[in-house]
């Protein structure tokens, strides 16, 4: 599978809207909307966009036969990581949450040989894992080290990145051939059902402002509905490892949004951790450093492997 122009365009759009999600979560939290309510409203807005599209296109046909795996992906790709990230953002900046989530690409590489057919790590892949973990350690040691609550929030977000990695592999291995729109819509339905009781138990502290409702709507429609549709399309088109390249781009958008709109500080540790995680993720996924050109692959051989 090769990177196409369409894949790069989809990656750019997905990264820009996904990167903004962390900012919108922070806006809702600051207005007294509790984490379960944010997640429930987010997936409901996302489902409102995705479910009609899936119904019209027949995208649910392949999901029905594998509804158990679709529900499992809904929990590990949506409900649980969304809750972990939203709870974590109570104590850490939105930009830092996005950087920690970007470690999902590293966990995809680590877990793929154990969960699916994949080569064992070697060479630059191992170097990439070490660099990425060094970036995570830098963020925890400098930006989060002095505050136990911040460290807890960071660990919650990091756990969410592991769940993202697991779910991404399942999408590729357990739901092959299923229309991306069907996967995206079914995961939103499963997540909405799973988070409804917690949202009822923990409603917003007060009626959110119009600006907060707008943030939640954009979070659900763009950062959830559109982003997940594009992400599942990328997994189907170019594979889970290359689709995880989105994780390289989203945190850069999130850091910019946080600094511009939320007055979040950009520390040296933030830049250093981001650079290490992204460089490590690239090396781990590609098996080569960023400055080394991609080896030329015979198209016939690549088509046969795909």
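The values are calculated or read from the model by the stated rules, or taken from the named source; none is laboratory data. These figures come from a predicted structure and were not determined experimentally. Reconstructed Cβ throughout: ideal geometry from the backbone, glycine too, with neighbour counts over all protein chains shown.
Some observations on this one:
- Members of region 35-60 that are in contact with a helix residue (DSSP H, G or I) (Cβ under 7 Å, 6 or more places away or on another chain) and surrounded by fewer than 17 Cβ atoms within 10 Å (Cβ to Cβ): 53, 57
- Scope region 134-165; condition under 18 Å from the mean Cα position of the chain (by Cα) and surrounded by fewer than 20 Cβ atoms within 10 Å (Cβ to Cβ); matching residues: 155, 159, 162
- Count of residues meeting criterion [outside any loop (DSSP other than H, G, I, E, B), surrounded by 15 or more Cβ atoms within 10 Å (Cβ to Cβ) and touching a helix residue (DSSP H, G or I) at 6+ places or on another chain (Cβ under 8 Å)] in region 200-218: 5
- Pairs, first free of Cβ contacts under 8 Å to residues at least 12 places away in the same chain in region 4-32, second crowded, with 19+ Cβ neighbours inside 10 Å, C-beta under 9 Å, six or more apart: 30/212
- Boolean, residue 193 is out of contact with any strand residue (DSSP E or B) (no Cβ under 9 Å at 6 or more places or on another chain), surrounded by fewer than 19 Cβ atoms within 10 Å (Cβ to Cβ) and at pLDDT 95 or above: yes
- Checked against (1) more than 18 Å from the chain's Cα centre (by Cα); (2) surrounded by fewer than 19 Cβ atoms within 10 Å (Cβ to Cβ); (3) on the phi < 0 side of the Ramachandran plot, residue 32 passes all but a single condition, namely (3).
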